[in-house]
């Protein structure tokens, strides 16, 4: 029982199909991560091992963390940069095998930092899916100048083809900072007209919007409701985001649709 359960807003229980929260693990220790899940695990759906962080940590620690997250009904997965490193070094098979050995049920496929044809990206999504992984794929480039070269129609086309290839969720790139990239301007403000354009042409329930900053999270919750899927949430902000979703913080009190 929650401390003040009679004041809670009804939320879909895990495994959720809406209102998904993806949290970024940038190298948490096992005991810290476990403590975090004990208090906030109910509000986390996916846990991304950020970029290449898991490469430099002991395999047994990574394996223990993966199992711990899964015990809290959280889906841990490898960040897209790890896939990109494996691809550019022609080590995809080794990567998939090791990910299985470590217990990862899901991986992210992206091309944010490397040159990868979209056909090859789709082939990688299908391969990962065939190998037994849930696949999340990310659309967008990490270099703001390269990212701006992608038109909205191109993004939407990529999103749909990746969904058709087997991705369960499409991540809209915003990086860890959430500024001057994708749907956010240089100040981190959402480009609402671009978001509307995407939502008019693509199923919003299959989008995981990277929104690392509180103001961005508030924007999406007020615009799309507390069932919006949000990602790249700091491990420090899990409880904060959930209170925003449930209308328990000044920014969203009495405003949840």
| note | For the pair residue 11 and residue 192, the simple spin-label estimate (label points 7 Å beyond Cα toward Cβ) gives in nm 2.6 nm
| query | Which percent, nearest 5, of DSSP beta bridges in the range 5-245 are antiparallel? | reply | 5 percent
| field | Of (1) 13.3; (2) 18.9; (3) 15.7, the label for mean projected area of the Cα convex hull in nm² derived from the coordinates | value | (1)
| note | Per the rule of 0.36 nm per residue minus the C-alpha distance, extending residue 236 to residue 123 adds in nm 37.1 nm
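What does the helix-only formula give at 222 nm for the chain: each DSSP H stretch with n ≥ 4 adding -39500 (n - 2.57), the total divided by the residues, and the result rounded to the nearest 500 deg cm²/dmol?
Taking each H run of at least 4 residues, the total per residue is -11500 deg cm²/dmol.
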| task | On a C-alpha basis, how far is the centre of the range 1-56 from the centre of the range 188-220 in Å? Whole number, if you could? | result | 21 Å
| remark: For the chain, averaging the sequence separation of alpha carbon pairs under 8 Å that lie six or more residues apart and dividing by its residue count, the contact order in percent is 18 percent
| remark: Taking R0 as 22 Å and r as the Cβ-Cβ distance between residue 223 and residue 150, the FRET efficiency 1/(1 + (r/R0)^6), rounded to the nearest 0.05, comes to 0.45
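Bear in mind these aren't lab numbers, they're just calculated from the coordinates by the rules spelled out. Please read all numbers here as calculations on a predicted model, not as lab measurements. All Cβ positions, glycine included, derive from the backbone under ideal geometry; neighbour counts span all protein chains shown.
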